[in-house]
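Written below as structure tokens is the structure these notes are about.
The values are calculated or read from the model by the stated rules, or taken from the named source; none is laboratory data. Given the structure is predicted, the values throughout are model-derived calculations rather than measurements. Note that we place each Cβ from the backbone using ideal geometry, even for glycine, and neighbour counts take in every protein chain shown.
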Amino acid sequence: MNTRKSSTSPSASKSEIVSKIKSYIDKVAISEKIPHLPYAVITEGEGKAFSNHFKKKIIDHKTIYNILTEIVLEEVIKVKDTAILEAARKISDIPSVNARSLTNKIYQKIKRLPIVYEFIFPLGNKNIEIASKQITDTIELLTLTDKDIKKYGTVPWSQKLFNFEKDLEKGEIIFRFLTRGYVSDFKITKLVTEDPLYLFKVIIGIYVSLDILQILDSPVNKTSGLPIDYRYKVYDKNKFVTALNESTEDSIFISKLSFSTKTQELSDLDKLLKKTTTYFENANIDLKKILEINKLKKKRVKGLMKNDLIKYRRDVDKLTEHGLQIRNAAYWYYESLKTTQKHAEIIYLVTAFDSLLGEPDDDMKTKKDKANIISNAISTSAIELETIKEYIGNLYNLRNNIIHGKKPIYELLDYNKPYKLEEHPFILALTCKGYFKRLLAKRFQLLVLSIAS
């Protein structure tokens, strides 16, 4: 552990902070034309001094290190004279790099934190135009127009050349998340809001459970060549920052998603009842309540007696916990839907069920208890109740055999064994995903009604 004390005081002035940044730059070594700075150079104490100076909690020694090394690398890359780079051993050996300007650039970047970024998650061209839906203050679903394409511009040629990155296209449906934090050119370094990738998967999981999105057997829009990993883009004031990636499984799964046109239109019954909002619009209104459930804690309540206020706060805590359960369950549901590995599918699906049950003492429940809870929640008849109970019990048995090493994952399906229908691994997974879909939709609607009351 580095115990070196910071030479920068907790109430450092701008000149002291600038001087400290300059000292870090002086310690940058150049080897084989690449700048390097030992990680231990910036101590935790110095990070706190920077945080106190800028009065921002997001700033720490790790963030400073990432910003400094990123900006220094950008400057070094600009140098075209390879002879100078090969001979350089430190930044001052490069005449074109102005240390004062570099120091100020780093200072200003740190000062901007937390930066507001736009995370763009493409769903592809789904052969349907979605009018802009502001799901929350920071989450929007929309179809890209010429105006959007002009706004974001083109991806840098280096990204296209080395990472096969594509420009956004007109008619493409995207989720746009506004997120605060710091994202380097290479990765997410620190966010002060929820991870947009997590929320994206949560929304997809909920959309599927509510039949807003349907999963097709093949991609909606087929592309030539081998499938690549799923890419989502990050922008800072409409300027491309970086592209982050998920697996090829995510890419294939998302390409198979199709919006249900029925949910986008008023049904005959809606028209008869003179409703003006579609199922899709109502679902997004309800989704906002769950995604923003933490705001209930900040809501000021007037006119309640002390005992009533205590009860109200307890109820809000319970609702918030249920909201987290639904979100985590929807996330794991997404993972179970996207994976092509059967053993992973079983594990993710059971994790989704457990997330939705969400009891603090959930580990004390037997699989029989869980099967009883799930079957009683979604069954529509006594016969179906017994069927669901049996399938869920078998699902938990199979999951336990996988994770406890009783069944090798490559022997998940024994082709020489005669299976009962309710025990066949593939049938089991498919059927139980249908049960989970119903359970998630039911819990979603139940929480929405509870929030309203």
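Could you grab me the full set of residues in segment 385-420 that are modelled with pLDDT of 90 or more and in contact with a Phe, Trp or Tyr (Cβ under 9 Å, 6 or more places away or on another chain)? Within segment 385-420, Ile388, Tyr391, Ile392, Leu395, Tyr396 meet the criteria.
Could you say whether any residue in segment 341-351 is at pLDDT 95 or above and under 16 Å from the mean Cα position of the chain (by Cα)? No, there is no match, as no residue in segment 341-351 is at pLDDT 95 or above and under 16 Å from the mean Cα position of the chain (by Cα).
Restricting attention to segment 185-204 and to residues that are of a type outside the set (A, V, I, L, M, F, W, C) and part of a helix (DSSP H, G or I), the residue that is nearest to Arg443 (Cα to Cα) turns out to be Lys201. For segment 243-278, a residue qualifies if it is of a type outside the set (A, V, I, L, M, F, W, C), outside any helix (DSSP H, G or I) and farther than 30 Å from Thr154 by Cα, and the qualifying residues are Ser260, Thr261, Glu265, Ser267, Lys274, Lys275, Thr276, Thr277, Thr278.
Within this structure, Glu75 fails the test of being touching a Ser or Thr at 6+ places or on another chain (Cβ under 8 Å), modelled with pLDDT under 95 and buried (at least 16 other Cβ atoms within 10 Å of the Cβ). Glu281 meets each of the listed conditions (1) modelled with pLDDT of 90 or more; (2) outside any helix (DSSP H, G or I) apart from (2). Restricting attention to segment 385-405, the residues that are free of Cβ contacts under 8 Å to residues at least 40 places away in the same chain and either within 18 Å of Ala352 (Cα to Cα) or surrounded by 13 or more Cβ atoms within 10 Å (Cβ to Cβ) (or both) add up to 9.
Residues of segment 326-361 that are touching a residue at least 60 places away in the same chain (Cβ under 8 Å) and within 15 Å of Lys442 (Cα to Cα): Ile326, Arg327, Ala329, Ala330, Tyr333, Ala352, Phe353, Leu356. All of (1) touching a helix residue (DSSP H, G or I) at 6+ places or on another chain (Cβ under 9 Å); (2) more than 30 Å from Ser258 (Cβ to Cβ); (3) assigned to a strand (DSSP E or B); (4) not basic (Lys, Arg) hold for Ile120 with one exception: (2). What residue, among those in segment 97-117 that are β-branched (Val, Ile, Thr) and either touching a residue at least 60 places away in the same chain (Cβ under 8 Å) or part of a helix (DSSP H, G or I) (or both), is farthest from Ile203 (Cα to Cα)? Per the stated criteria, the residue is Thr103. You will find that of Lys27, Lys57, Lys111, the residue that is surrounded by fewer than 16 Cβ atoms within 10 Å (Cβ to Cβ), over 30 Å from Tyr230 (Cβ atoms) and at pLDDT 95 or above is Lys111 and no other.
Being surrounded by 13 or more Cβ atoms within 10 Å (Cβ to Cβ), of a type in the set (Gly, Ala, Ser) and not assigned by TED's automatic domain parsing to the domain that holds Ile149 is true of Ala88.
The set of residues from segment 249-284 being closer than 20 Å to Ile174 by Cβ and of a type in the set (Ser, Thr, Tyr) comprises Ser251, Ser255, Ser258, Ser260, Thr261, Thr263. Among the listed residues Asp146, Asp81, Asp93, identify the single one that is among the acidic types (Asp, Glu) and either surrounded by 17 or more Cβ atoms within 10 Å (Cβ to Cβ) or free of Cβ contacts under 8 Å to residues at least 24 places away in the same chain (or both). Checking each option against the conditions leaves just Asp81. Set side by side, the residues Tyr207, Tyr182 differ, and just one is at pLDDT 90 or above, in contact with a strand residue (DSSP E or B) (Cβ under 6 Å, 6 or more places away or on another chain), part of a helix (DSSP H, G or I) and not hydrophobic (A, V, I, L, M, F, W, C), which is Tyr207. Every condition in (1) within 20 Å of the chain's Cα centre (by Cα); (2) within 22 Å of Lys288 (Cβ to Cβ) holds for Ser132 except the one numbered (1).
Would you check if Val316 is modelled with pLDDT under 85 and either under 22 Å from the mean Cα position of the chain (by Cα) or not aromatic (Phe, Trp, Tyr) (or both)? No: the conditions fail for Val316.
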